[in-house]
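Q: This structure is in structure tokens; I'll ask about it shortly.
The values are calculated or read from the model by the stated rules, or taken from the named source; none is laboratory data. Keep in mind it's a predicted model, so treat the numbers as computed, not measured. Positions of Cβ are generated from backbone atoms using ideal geometry, with glycine treated the same way; all protein chains shown enter the neighbour counts.
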Amino acid sequence: MTDFTLADLETIVAARASSGDAASYTAKLARKGVAHVAKKLGEEATEVVIAAVSEDSDRMTSETADLLYHLLVALHLRQVPLSAVMAELGRRTAQTGLEEKAGRGAS
């Protein structure tokens, strides 16, 4: 088990995104903007889905790591702190999932 958290990754993403380092993939993504990162996020989500239904646990782990990374880059570029997402999840778990979903008018 690792002590590495999504908050740790958020800190790293923020530092690298603003670094201007030509060797940093995160800085390169940040320069390309949120639309490019959103596209990458969608690609990674698709790869997670494929891994979930047709591949092994190692592939699922790897693809999920890619998805979480790109999600945190997108959050950073949109200036949405991970703490806001965690607060929303906390709010939602104060009731059952079906109650929460009904409250959003979702089907």
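Q: Could you tell me how many of the residues in segment 15-65 are more than 18 Å from L75 (Cα to Cα) and among the hydrophobic types (A, V, I, L, M, F, W, C)?
A: Total meeting the criteria: 9.
Q: Among the residues of segment 24-31, is there at least one that is within 19 Å of F4 (Cα to Cα), of a type in the set (A, V, I, L, M) and out of contact with any strand residue (DSSP E or B) (no Cβ under 7 Å at 6 or more places or on another chain)?
A: Quick first cut of segment 24-31, residues within 19 Å of F4 (Cα to Cα) only: 26.
Okay, now just the ones that are also of a type in the set (A, V, I, L, M), so none.
No, every residue in segment 24-31 fails to be within 19 Å of F4 (Cα to Cα), of a type in the set (A, V, I, L, M) and out of contact with any strand residue (DSSP E or B) (no Cβ under 7 Å at 6 or more places or on another chain).
Q: Could you please find all residues in segment 1-35 being of a type in the set (D, E) and closer than 19 Å to D66 by Cβ?
A: Those that are of a type in the set (D, E) and closer than 19 Å to D66 by Cβ: D8, E10.
Q: For segment 67-86, state whether one or more residues are at positive phi and at pLDDT 95 or above. Break it down into steps so the answer makes sense when it comes.
A: Going residue by residue through segment 67-86, those that are at positive phi are 79.
Imposing the further condition that a residue be at pLDDT 95 or above reduces the set to 79.
Yes, segment 67-86 contains a residue that is at positive phi and at pLDDT 95 or above.
Q: Go through segment 14-73 and report how many residues are outside any helix (DSSP H, G or I) and buried (at least 17 other Cβ atoms within 10 Å of the Cβ). Before you say what the answer is, go through the steps one by one.
A: Taking segment 14-73 as the starting set, the residues that turn out to be outside any helix (DSSP H, G or I) are 18-24, 33, 55-56.
Those still in the list that are buried (at least 17 other Cβ atoms within 10 Å of the Cβ) too: none.
Residues meeting the conditions: 0.
Q: If R59 meets every condition in (1) within 13 Å of A7 (Cα to Cα); (2) free of Cβ contacts under 8 Å to residues at least 60 places away in the same chain; (3) not polar (S, T, N, Q) apart from one, which number is that one?
A: (1)
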